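The values are calculated or read from the model by the stated rules, or taken from the named source; none is laboratory data. Everything quoted here is computed from the prediction, not taken from an experiment. No Cβ is skipped: glycine too gets one built from the backbone with ideal geometry, and neighbour counts run over all protein chains shown. Protein only, heavy atoms only, side chains kept; ligands, DNA and RNA dropped before computing areas. Shrake-Rupley method; radii C 1.70, N 1.55, O 1.52, S 1.80 Å.
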Amino acid sequence: SRKTTIEILLLFLLFVGMIATPLIYAFTPLLSFADYKLPSWMGWAGVVVLVIALWLFWRSHIDLGQNWSPTLELRKGHQLITSGVYKYIRHPMYASMGLWGVAQVLLLHNWIAGWSSLLLFSLLYFLRVPREEQMMLNQFGENINLSYG
């Protein structure tokens, strides 16, 4: 298990960017000073991207089964999953969060609420993925191929 303070902070920031900030934007006028306009079709594109993101997130969880954990940890009997969406996408759950961030930009025309998810997810991704891949290499050996597709 690698439940460090930075790990917990990154997950908290992701929650702030994906959930808390959009809710503040939707239900209060606090962030309205940062509004901007985009063409209305971009909102519909955002809906499509969000549906894809939610499907990919759901599918990633199904394929991982009991191997999923919100924090970096390996459980007894943990397996390396290379089937399902993991056969085609190296990090499908992270890809779904990135797509969510893109959808949020397209749906919430606000410099803070719209971009918070994508920016905070990027921070989590670049700080967490190298540690996660090293953890998997340590567990499953250097002979595994971490590139998919």
Counting other C-beta atoms within 10 Å, and keeping those with at most 10, which DSSP coil trypsin sites (Lys or Arg not before Pro) do you find in the stretch 1-100?
LYS37, LYS76
For LYS76, counting only lysines whose alpha-carbon sits under 21 Å away and dropping same-chain residues fewer than eight positions off, the answer is LYS3
Between TRP111, TRP58, TRP41, find the one with the highest GNM mean-square fluctuation for the chain; connect C-alpha pairs within less than 10 Å.
TRP41
Residue-averaged 222 nm ellipticity for the chain, from DSSP H runs of 4+ at -39500 (n - 2.57), nearest 500:
-19000 deg cm²/dmol
In nm, to one decimal, how far is the THR5 label point from the ALA34 one, both placed 7 Å along Cα→Cβ?
2.6 nm
Quick one: among SER117, SER83, SER60, which has the greatest mean-square fluctuation in a GNM of the chain with alpha-carbon springs under 10 angstrom?
SER83
Ignoring ligands, DNA and RNA, please state the percent of accessible area on the chain from carbon and sulfur, probe 1.4 Å.
69 percent
As I understand it, the value is the acute angle between the Cα axis of helix 116-140 and the longest principal axis of the Cα atoms of the chain; what does it come to in degrees, rounded to 10?
0 degrees
Checked the stretch 1-66 against the a/c 1.5 cut and the a/b vs b/c comparison, axes a ≥ b ≥ c from its Cα gyration tensor; verdict oblate
Taking 22 Å as R0, compute the FRET efficiency from the Cβ-Cβ separation of TRP111 and VAL51 and round it to 0.05.
0.35
Just the number please: accessible area per residue for the chain, 1.4 Å probe, all protein chains included, in Å².
60 Å²
10 Å Cβ shell holding at most 16 others, DSSP loop, GluC sites (Glu not before Pro): longest site-free stretch of the chain
1-72
Mind pulling the angle between the C-alpha long axis of helix 40-64 and the longest principal axis of the chain? Nearest 10 degrees, somewhere in 0 to 90.
20 degrees
Once you place label points 7 Å from the Cα toward the Cβ at LYS76 and MET135, how far apart are they in nm?
1.9 nm
How many percent of Cα pairs in the chain exceed 28 Å?
26 percent
On a 0 to 90° scale, report how tilted helix 92-107 is relative to the longest principal axis of the chain, with both axes built from alpha carbons and the result rounded to the nearest 10.
0 degrees
